[in-house]
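Read-outs: derived from the displayed coordinates by stated rules, not from any lab. As the structure is a prediction and not an experimental result, all values here were calculated from the model. Quick reminder, even Gly has a Cβ in these numbers, built from the backbone with ideal geometry, and neighbours come from all protein chains shown.
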Amino acid sequence: MANKTVLIIGASRGLGLGLAQRFSEAGWAVTATVRSPNGAEALQVLNSVSVESLDMNHPEQISGLAQRLAGQTFDVIFINAGIMGPVGDLAPVTETQVGELFMTNALSPIRVAKALVGQLRPATGVLAFMSSGLGSVQSPDAIEAALYKASKAALNSMVNTLTLQLPEPRPTVLSMHPGWVKTDMGGENAEIDVLTSTSGMLAQLQAWAGKGGHHFINYRGDVLPW
Ligand SMILES: NC(=O)c1ccc[n+]([C@@H]2O[C@H](COP(=O)([O-])OP(=O)(O)OC[C@H]3O[C@@H](n4cnc5c(N)ncnc54)[C@H](OP(=O)(O)O)[C@@H]3O)[C@@H](O)[C@H]2O)c1
């Protein structure tokens, strides 16, 4: 009988799906969100998984999800969804593209967190956001992805503000770097596979539970510079 519970936002593929698989294998009850019903197939074969629908960029869908999940308590809420946005030359980038990137990677995760953070288990609950090492403002890597890097730096900043706004007692808040991972976004030349990244993150989510504060860490638990 599962007794630990996790909510994963953006679990149709890649790291979100991997997280759902690792938590399910570990015996947790998993609630996982997808944008389209097609994204649910790989989740539905897992044990103790309940699939919900959410496009984070639609506030009415966030409030709908919060209403459907009302009364449930989660040990971990992991807001994973994100996009790469425009890469390369900044000159042709449109206002719409920048808006979608910063909405998806920085603002929507905060809106989702605000709607659901009250359902974290007191004292030991963990609120996790999928950041990136590229969100560290001193990172020299991936200079072609300037907008993506800025969007993750914006996420880190907004998570810091959100944490300070949360009433005491606050949950542990983690901004996580999953490593450079072989997914649709990370590409086939990435350094590690989804299993390595998500196994590491599962271990870290458990290790940091109850510690409090807001920390920027990678899947191995190393603390990263902001
Ligand atoms: N892979 C890496 O090396 C790496 C490194 C550092 C950080 N990250 C971060 O890790 C997270 C997951 O990346 P990934 O590599 O697994 O990428 P991915 O394979 O491209 O998956 C992205 C996920 O985000 C979902 N998503 C995107 N926009 C959404 C929205 N508006 N509402 C709800 N869901 C949305 C996608 O859903 P659909 O299937 O519906 O599109 C998909 O499930 C992202 O935040 C990414 O920035 C990845």
If you count, for each residue, the other Cβ atoms within 10 Å and average over each peptide, how do 31-43, 50-62 line up from highest to lowest?
31-43, 50-62
Give me the distance in nm between label points sitting 7 Å out from Cα along the Cα-to-Cβ direction at ALA66 and ASP141, one decimal.
3.4
To the nearest whole percent, what portion of all C-alpha pairs in the stretch 171-226 is separated by more than 16 angstrom?
42
Dividing the alpha-carbon Rg of the chain by 2.2 N^0.38 Å yields what?
0.95
Spatially close lysines, pair count over the chain: Cα under 23 Å, gap of eight or more or interchain:
6
Treat every Asp and Glu Cβ in the stretch 5-218 as -1 and every Lys and Arg Cβ as +1, leave all other atoms uncharged, and give the resulting dipole magnitude about the Cα centre to the nearest 20 debye.
640
Between VAL223 and ASP193, 0.36 nm times their residue separation minus their Cα-Cα distance comes to what?
8.7 nm
For the chain, what does the relative contact order come out to in percent, with C-alpha contacts under 8 Å and a separation of six or more?
18
Cut-off 15 Å between beta-carbons: net charge of the residues surrounding GLU191, Lys and Arg +1, Asp and Glu -1
-2
Taking THR198, THR183, THR96 and counting other beta carbon atoms within 10 angstrom, the fewest-first order is THR96, THR183, THR198
Mind listing the phi-derived Karplus ³J(HN,Hα) values for the stretch 150-164, rounded to whole Hz, using 6.51, -1.76 and 1.60 with θ = phi - 60°, and x for any glycine or proline?
5, 5, 6, 5, 5, 4, 4, 5, 5, 5, 4, 4, 4, 4, 5
Quick numbers on the stretch 1-57, Rg and Dmax over C-alpha atoms in Å, give 10.2, 34
